[in-house]
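Notes follow the structure.
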Amino acid sequence: MSTNPRSGQSMSRAGMKRTRTGARVPQDGAGVSYLGQAIDEGKIVERQEASVGRMRGHILLTAIALFAERGYETCSMRTIASAVGLKAPTLYNYYSSKEALLVEAIEFGMNDFFSYVLREIDSTPRSERLIEIARRHVDYKIRHRVIARANDRLIDPQFGRMFLPEKERKHFDKRLDDYRYRIHDLVNEIVGSDEFVDPMFVTLSVMNQWDRAAYWYNPEGKRTPEEAVDQMLVLTSRLLGLPEMPRDAGKKAKEKLAGRRRTNS
């Protein structure tokens, strides 16, 4: 292991190979990774397999990781093809251009996140909906923290202005805005619109707390994912002036969600 002195991030050369052009890509079968950390590919691809297929899911996750890590402009289709074990012409059978692959990769990342957070959310009583969204949002950011960080790089507004066609950029911006305003509406019902602090400021503050879990959570630390999620929900509740949840609320919510998923599978 060596450390990049500029970023302080650990960089590992294990499991890498070089293509004929000199590009470093993962060894065949090494799995998808970002900044040297493995991405939980199996669960993500399984969730999206019905809509994109297993091979496309593998390609899209690899593209997200490589575009985010190496930069869109310097990451070639040949590099991505080699990383997924394909020849470059075969990759073009799936995606006609690098731009088309980028657009589909961002769509894939958003679909996985939003389906995880919002699936059947309207069946949750409205008075409980905000905290349930918070639970799922933080849970995703913790359990899939590596791909979450890579996704963040690709949905950054500056990245979009540089590399996305205007139509697609506006489409992705609208998806993010729709989610933000869904949460804002629920926050507004709690804090009201006549307070000194704008409810949108409150919304952005709690969402920022949820998002940052992908960066600070340490799976080798003393808190389990469930414990970390529960503590984040306590912080959100305090910020919104809500009563704190019973200590077993997290376990009950998780069992309820798992039951719904079994019913629909």
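The values are calculated or read from the model by the stated rules, or taken from the named source; none is laboratory data. As the structure is a prediction and not an experimental result, all values here were calculated from the model. For neighbour counting, all protein chains shown are included, and Cβ atoms are generated from backbone atoms with ideal geometry for every residue, glycine included.
At a glance:
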read-out: Close pairs from the stretch 213-229: first surrounded by fewer than 13 Cβ atoms within 10 Å (Cβ to Cβ), partner part of a helix (DSSP H, G or I), Cβ under 7 Å, at least 6 apart; value: 215/149
read-out: Sole exception among (1) of a type in the set (S, T, N, Q); (2) without any contact (Cβ under 8 Å) to a residue 24 or more places away in the chain; (3) assigned by TED's automatic domain parsing to the domain that holds residue 160 for residue 93, by number; value: (3)
read-out: Qualifying position, being in a helix (DSSP H, G or I), within 27 Å of residue 142 (Cβ to Cβ) and in contact (Cβ under 8 Å) with a residue 40 or more places away in the chain, among 49, 104, 73; value: 104
read-out: Looking only at the stretch 58-87, and only at residues there that are of a type in the set (Gly, Ala, Ser) and buried (at least 22 other Cβ atoms within 10 Å of the Cβ), the one that is farthest from residue 105 (Cα to Cα); value: 82
read-out: The listed residue being among the β-branched types (Val, Ile, Thr), within 17 Å of residue 150 (Cα to Cα) and assigned by TED's automatic domain parsing to the domain that holds residue 169, out of 106, 121; value: 106
read-out: Test: residue in the stretch 222-233 that is within 22 Å of residue 106 (Cα to Cα) and in a helix (DSSP H, G or I); value: no
read-out: Residue selected from the stretch 188-201 under the condition of a type outside the set (A, V, I, L, M, F, W, C) and assigned to a helix (DSSP H, G or I), by the criterion surrounded by the most Cβ atoms within 10 Å (Cβ to Cβ); value: 199
read-out: Failed item, numbered, when residue 127 is tested on (1) more than 24 Å from residue 37 (Cβ to Cβ); (2) modelled with pLDDT of 95 or more; value: (2)
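Let's see how each residue does on (1) within 24 Å of residue 44 (Cβ to Cβ); (2) in a helix (DSSP H, G or I):
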site: 133; (1), (2): yes, yes
site: 140; (1), (2): yes, yes
site: 175; (1), (2): yes, yes
site: 178; (1), (2): yes, yes
site: 186; (1), (2): no, yes
site: 203; (1), (2): no, yes
site: 207; (1), (2): yes, yes
site: 214; (1), (2): yes, yes
site: 219; (1), (2): yes, no
